Amino acid sequence: MSDDIDRIRDDISFVRGLVEDDGSVLRASAIGLLVAGSIFGLAALRSFALSGGWLQWPEALRPLLPFDAPVVFFLVLLPILALSRGGAQAPRVAISSTSRTVWASWAAVGTGYAAAALSLSIAGVHAEGAVLFAFWGSGWFIAAAAYRRAWQALVSLGCYLVAVASGALAGKAEEQLLLGLALWTLVALPGLIILRQARSSS
């Protein structure tokens, strides 16, 4: 009997956490995923096209290839986030513990990947794609547990599989094709789904 009561209390706490959240954190996370997956996915597909000779790129601009996608990402993301928050006069609303946990996990994923990528770069090891999707898989794993969404668990599994496949293809042109498609399907598409869900529930 006591176990049933505890379970009901847990369910009530979970629902209360969702209700008390205005959805701003969820929307911001979704926008970040959508923009990141789209831009970096295009950049990976561009690298694949360049390596196969299907796309010509001015030699003078080739040194900028590793940097243009991050610059475009921030130039696109920051204004969108500012508009989505309704400006500086938007009222502040309490954030649920669930959203705070997921937000912190994504921040940890980004920070951990940056540190790992820098370490690999210093060591001369080219396995950034495998590391990236291993971290993404962990982020989706936490999100699936927090929001109790089975489809997010499947996205997490997909990220882990891409991480393994990326390691097997490391250094080959096919790796960029894999990463480009994976960024669209496992990052941008889930971001779009979450954004639509957040808007429909608000």
Which residues, taken from the stretch 152-168, are among the hydrophobic types (A, V, I, L, M, F, W, C) and in contact (Cβ under 8 Å) with a residue 24 or more places away in the chain? VAL155, CYS159, VAL162, ALA163, VAL164
Conditions (1) among the β-branched types (Val, Ile, Thr); (2) farther than 25 Å from ARG46 by Cα; (3) surrounded by 20 or more Cβ atoms within 10 Å (Cβ to Cβ): number failed by VAL187: (2)
State whether the residues of the stretch 65-78 include one that is within 21 Å of ALA144 (Cβ to Cβ), modelled with pLDDT of 75 or more, surrounded by 10 or more Cβ atoms within 10 Å (Cβ to Cβ) and within 15 Å of the chain's Cα centre (by Cα). no
The lone exception for GLY171 - which of (1) surrounded by 15 or more Cβ atoms within 10 Å (Cβ to Cβ); (2) under 20 Å from PRO66 (Cβ atoms); (3) not polar (S, T, N, Q) it fails: (1)
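Might you check whether a residue that is touching a Gly at 6+ places or on another chain (Cβ under 7 Å), among the hydrophobic types (A, V, I, L, M, F, W, C), closer than 22 Å to LEU75 by Cβ and at pLDDT below 85 occurs anywhere in the stretch 12-30?
Just the residues of the stretch 12-30 that are touching a Gly at 6+ places or on another chain (Cβ under 7 Å), to begin with: 30.
Filter once more, keeping what is among the hydrophobic types (A, V, I, L, M, F, W, C): 30.
From what is left, the residues that are closer than 22 Å to LEU75 by Cβ are 30.
Now restrict to residues that are at pLDDT below 85: 30.
Within the stretch 12-30, one or more residues are touching a Gly at 6+ places or on another chain (Cβ under 7 Å), among the hydrophobic types (A, V, I, L, M, F, W, C), closer than 22 Å to LEU75 by Cβ and at pLDDT below 85.
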Taking the stretch 45-59 on its own, how many of its residues are surrounded by 10 or more Cβ atoms within 10 Å (Cβ to Cβ) and either polar (S, T, N, Q) or touching a Pro at 6+ places or on another chain (Cβ under 7 Å) (or both)? 2
For ALA107, state whether it is under 26 Å from ARG46 (Cβ atoms) and in a helix (DSSP H, G or I). no
Subset of the stretch 145-202 that is among the basic types (Lys, Arg) and in a helix (DSSP H, G or I) - its residue that is farthest from SER51 (Cα to Cα): ARG199
Looking only at the stretch 117-131, which residues are in a helix (DSSP H, G or I) and at pLDDT below 80? ALA117, LEU118, LEU120, SER121, ILE122, ALA123
I'd like the residue in the stretch 135-153 that is surrounded by fewer than 17 Cβ atoms within 10 Å (Cβ to Cβ) and aliphatic (A, V, I, L, M) and, out of all such residues, is nearest to ALA108 (Cα to Cα). ALA145
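The values are calculated or read from the model by the stated rules, or taken from the named source; none is laboratory data. Just so it is clear, the model here is predicted, and its values are computed rather than measured. In this analysis, Cβ positions are derived from the backbone assuming ideal geometry, glycine residues included, and neighbour counts consider all displayed protein chains.
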